[in-house]
Amino acid sequence: MSEYFNKVKDYLMDLEYRIVSEDANEELVVIEKEEDGISNVVIDCEDSIVIIEGLLFELNKGSEEIFKSLLIKNREVVHGAFSLDESGKKVIFRDTLQLENLDLNELEASLNSLKLLLSEYSEELIEFSKA
């Protein structure tokens with residue numbers, strides 16, 4: 001287990017996130033903070049970066065209008081972005097940060113960006129998931 005993984009876990013605890021599950025060998029945790037709408041967000045320490053990733057919704061069928069709206073909204077997202085998984089069916093929030101210089105404020109800003117995105121854009125995300 002790397003020192004970075006322990007540092008990230010300590011930061012998450014300081015920020016009062018609940019670690020739902022942990023895989024020390026893979027250096028990843030799944031977190032939640034239900035009062036902020038954050039659930040099943042994966043924090044994965046990979047080599048020199050930490051990847052923050054959470055499923056937002058699954059597409060029943062994609063449409064140009066949905067993709068265009070997500071890309072436009074990406075411009076407003078302070079940290080991270082909407083992306084698709086390999087299947088093209090799951091819309092996820094994803095952010096990557098450098099581990100070497102990572103500090104508490106940087107991790108907090110990234111998670112706050114997700115929290116803000118969920119609070120401001122939730123109605124649209126729900127509608128997209130029904131399309």
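The values are calculated or read from the model by the stated rules, or taken from the named source; none is laboratory data. Predicted, not measured: the structure shown is a model, and the values here were computed from it. Note that we place each Cβ from the backbone using ideal geometry, even for glycine, and neighbour counts take in every protein chain shown.
Things worth noting here:
- One residue stands out in the stretch 23-54 among those that are part of a strand (DSSP E or B), in contact (Cβ under 8 Å) with a residue 12 or more places away in the chain and charged (D, E, K, R): the one that is nearest to Leu116 (Cα to Cα), namely Lys33.
- Subset of the stretch 1-22 that is of a type in the set (A, V, I, L, M) and assigned to a helix (DSSP H, G or I) - its residue that is farthest from Leu104 (Cα to Cα): Met13
- Candidates Leu59, Leu70, Leu55 - the one that is of a type in the set (A, V, I, L, M, F, W, C), over 18 Å from Leu15 (Cα atoms) and at pLDDT below 90: Leu59
- The set of residues in the stretch 93-104 that are surrounded by 15 or more Cβ atoms within 10 Å (Cβ to Cβ), over 14 Å from Phe57 (Cα atoms) and not charged (D, E, K, R) comprises Thr96, Leu97, Leu99, Leu102.
- Selection count, the stretch 60-93, where residues are within 12 Å of the chain's Cα centre (by Cα) and without any contact (Cβ under 8 Å) to a residue 40 or more places away in the chain: 7
- For Phe57: the one exception among (1) over 12 Å from the mean Cα position of the chain (by Cα); (2) assigned to a strand (DSSP E or B); (3) aromatic (Phe, Trp, Tyr); (4) buried (at least 18 other Cβ atoms within 10 Å of the Cβ): (4)
- Qualifying residue in the stretch 108-129 (condition: more than 29 Å from Tyr4 (Cα to Cα), polar (S, T, N, Q), in contact (Cβ under 8 Å) with a residue 60 or more places away in the chain and surrounded by 13 or more Cβ atoms within 10 Å (Cβ to Cβ)): yes
- If you go through the stretch 70-92 and keep only what is of a type outside the set (A, V, I, L, M) and crowded, with 17+ Cβ neighbours inside 10 Å, you end up with His79, Gly80, Phe82.
- Among the residues of the stretch 1-25, the ones that are under 28 Å from Gly88 (Cα atoms) and either of a type in the set (S, T, N, Q) or at pLDDT below 95 (or both) come to 1 in all.
- Answer from Glu35, Glu46, Glu64 - the residue that is modelled with pLDDT under 95 and surrounded by 12 or more Cβ atoms within 10 Å (Cβ to Cβ): Glu46
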